[in-house]
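Participant: The structure's right below; bear with me while I get my questions together.
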Amino acid sequence: MTAADARRAILAVWRVEQPRLITSLARMLRDVPLAEELTQDALLAALERWPATGVPERPGAWLMATAKRRALDQLRRGKMLDRKHQMVARDLEAEEQAMPDLDSALDDDIGDELLRLIFTACHPLLSREARAALALRMICGLTTEEIARAFLVPDTTIAQRIVRAKRTLSDSGLAYETPRGEELARRLSTVLEVVYLIFNEGYTAARGEDWLRPQLCNEALRMGRVLTAIAPREPEAHGLLALMELNASRAAARTDPMGEPILMLDQNRALWDQLQIRRGLRALERARGLGGADGVYALQAALVACHAQAGTAADTDWSRIAELYARLAAVAPSPVIELNRAVAVGMAQGPEAGLAIVDRLAGEPALKGYHLLPSVRGNLLHKLGRFEEARAAFEAAAALAGNRREQDLLKRRAAEAALP
């Protein structure tokens, strides 16, 4: 195995194991930032050792054992251990002596622990923006750059938020918990946002070789279902679950056998999961029944439902979709929502109408460097027969895209535009 192959293998393992390691260590140490730090230490140890020794048969257990040993070393070296750390050290030493099954330890109630970690990271002591950034860093393992792209802000802004959030968590001694009652309500909106961003990263990965990260989608769906159980009267929890179920229903049709993306209008709808669509529609009806029809997630779920309920691409009610985007923009104004509305308007009223909206967005600071802006513009220009302009727009979009599969798709669109 070459050094490059070893590194790729390690990072593939890391994507799977990182959230499991952090949640398990946070439960043991009662300290979320320390758990994240030790998890990073374990990754560095793997990068040093595995290229020479090969990836272990049980990589998760190896990483967990390494992180726990470093935790014990750090606690033993401390000259001023407080009572909490003394208890943690004793617990870790007892586990070391008992030689536990570390794979089992990693899997122990991992779902609830992951959600508990998100609730801890979303404590009201942290700013709303810092909560989401910290959770995405720890749960998804997203880089600072990837998180910045999700929020359409500079990398340095996200880096500062994460550093401040970790410092606040360390200094405050916050409980590692899933809150109840009023405290749960105070954190829930940010938790919903984080779960949705986790789903989005799985649904269309910002970076890497693969367009999809199914593990993240499935984990977000599982957490969404748990959230509707612990907050059954919260319409936006049901709206978010509906949105994720409906989007996930298309998973089998979104890529070809080689993993290349297939755009929704070109997908084989026979592959869409009808059971998952029904689950999503039931969750949407529940959100509406609780008075949440105009919630951010319920409106987005209603948009996706328009596609899910259309038998063919030609049957899609684009006028309804454009209307829903207008309602969504009134509730949560955003240049990204306006860009999506442009697509719907272009389908309902013609490409000229859609292009007029896109051109108005050209100077939006938040969309600078956002690859979907030139991508949408290229599509509308192509429909208008302005092929050279379309080619240039698709090439610009490809240069901005971070995911290799998406880059390839946009390059193909550019080549097609050059040969009308």
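The values are calculated or read from the model by the stated rules, or taken from the named source; none is laboratory data. None of the values given here were measured: they were computed from a predicted structure. So basically every Cβ, Gly included, is an ideal-geometry build from the backbone, and we count neighbours across all protein chains shown.
Participant: Identify, by number, the condition in (1) crowded, with 17+ Cβ neighbours inside 10 Å; (2) modelled with pLDDT under 80; (3) part of a helix (DSSP H, G or I) that Val195 doesn't meet.
Facilitator: Evaluating Val195 over (1) crowded, with 17+ Cβ neighbours inside 10 Å; (2) modelled with pLDDT under 80; (3) part of a helix (DSSP H, G or I) leaves (2) as the failure.
Participant: Working only within the stretch 6-49, note down all residues that are outside any helix (DSSP H, G or I) and either over 17 Å from Leu115 (Cα atoms) or among the acidic types (Asp, Glu) (or both). Outline the logic, then answer.
Facilitator: Taking the stretch 6-49 and keeping what is outside any helix (DSSP H, G or I), we get 30-31.
Passing the criteria: only Asp31.
Participant: Exactly one condition in (1) crowded, with 18+ Cβ neighbours inside 10 Å; (2) modelled with pLDDT of 55 or more; (3) out of contact with any Pro (no Cβ under 9 Å at 6 or more places or on another chain) is not met by Val88; state its number.
Facilitator: Checking Val88 against (1) crowded, with 18+ Cβ neighbours inside 10 Å; (2) modelled with pLDDT of 55 or more; (3) out of contact with any Pro (no Cβ under 9 Å at 6 or more places or on another chain), the one that fails is (2).
Participant: Also, I was wondering about something else. What do you reckon, is Thr53 over 16 Å from Glu36 (Cα atoms), modelled with pLDDT of 70 or more and hydroxyl-bearing (Ser, Thr, Tyr)?
Facilitator: Numbers: over 16 Å from Glu36 (Cα atoms): yes; modelled with pLDDT of 70 or more: yes; hydroxyl-bearing (Ser, Thr, Tyr): yes.
Here the answer is yes, as Thr53 does meet what is asked.
Participant: Taking the options Ile147, Ile162, Ile158, name whichever one is modelled with pLDDT of 85 or more and within 18 Å of Gly402 (Cβ to Cβ).
Facilitator: On the way: Ile147 fails: modelled with pLDDT of 85 or more; Ile162 fails: within 18 Å of Gly402 (Cβ to Cβ).
Just one listed residue meets the conditions, Ile158.
Participant: So, in the stretch 203-253, of the ones that are buried (at least 21 other Cβ atoms within 10 Å of the Cβ), more than 17 Å from Ala305 (Cβ to Cβ) and of a type in the set (A, V, I, L, M), which residue ends up modelled with the lowest pLDDT?
Facilitator: Per the criteria, the residue is Ala205.
Participant: Let me ask something additional. Which number in (1) over 30 Å from Ala293 (Cβ atoms); (2) out of contact with any strand residue (DSSP E or B) (no Cβ under 8 Å at 6 or more places or on another chain); (3) among the polar types (S, T, N, Q) marks the one condition that Thr312 misses?
Facilitator: Among (1) over 30 Å from Ala293 (Cβ atoms); (2) out of contact with any strand residue (DSSP E or B) (no Cβ under 8 Å at 6 or more places or on another chain); (3) among the polar types (S, T, N, Q), the lone unmet condition for Thr312 is (1).
Participant: Inside the stretch 9-57, can you point out the residues that are without any contact (Cβ under 8 Å) to a residue 12 or more places away in the chain and more than 13 Å from Ala67 (Cβ to Cβ)?
Facilitator: Leu11, Ala12, Glu48, Arg49, Ala52, Thr53, Pro56, Glu57
Participant: Please identify the pairs in which a residue from the stretch 147-172 that is over 21 Å from Ala205 (Cβ atoms) has its Cβ atom under 8 Å from the Cβ atom of a residue that is basic (Lys, Arg) and surrounded by 14 or more Cβ atoms within 10 Å (Cβ to Cβ), counting only partners at least 6 apart or on another chain.
Facilitator: Going by the 8 Å Cβ cut-off, the qualifying pairs are Ala165/Arg131.
Participant: Condition first: within 16 Å of Gln349 (Cβ to Cβ) and assigned to a helix (DSSP H, G or I). Now tell me which residues in the stretch 307-328 satisfy that.
Facilitator: Trp318, Ser319, Arg320, Ile321, Ala322, Glu323, Leu324, Tyr325, Ala326
Participant: Of the residues Ala305, Ala287, only one is at pLDDT 95 or above and closer than 25 Å to Thr190 by Cβ; which?
Facilitator: On the way: Ala305 fails: closer than 25 Å to Thr190 by Cβ.
Only one candidate passes the filter, namely Ala287.
Participant: Suppose we keep only residues that are among the small types (Gly, Ala, Ser) and not in a loop (DSSP other than H, G, I, E, B) within the stretch 359-393. Which one would you say is farthest from Leu339 (Cα to Cα)?
Facilitator: Within the stretch 359-393, the subset among the small types (Gly, Ala, Ser) is 362-363, 366, 369, 375, 378, 385, 390, 392-393.
Adding the requirement that they be not in a loop (DSSP other than H, G, I, E, B) leaves 366, 375, 378, 390, 392-393.
Numbers: Ala366: 12, Ser375: 11, Gly378: 13, Ala390: 17, Ala392: 19, Ala393: 15 Å.
If we take residues in the stretch 359-393 being among the small types (Gly, Ala, Ser) and not in a loop (DSSP other than H, G, I, E, B), then Ala392 is farthest from Leu339 (Cα to Cα).
Participant: Select from the stretch 351-385 the residues that are surrounded by fewer than 18 Cβ atoms within 10 Å (Cβ to Cβ) and more than 24 Å from Pro154 (Cα to Cα) and list them in ascending order.
Facilitator: Glu352, Ala353, Ala356, Lys383, Leu384, Gly385
Participant: I'd like the full set of residues that are exposed (fewer than 14 other Cβ atoms within 10 Å of the Cβ) and in a helix (DSSP H, G or I), limited to the stretch 286-304.
Facilitator: Gly289
Participant: Scan Ala356, Ala396 and give me the residue that is assigned to a helix (DSSP H, G or I) and in contact with a His (Cβ under 9 Å, 6 or more places away or on another chain).
Facilitator: Ala396
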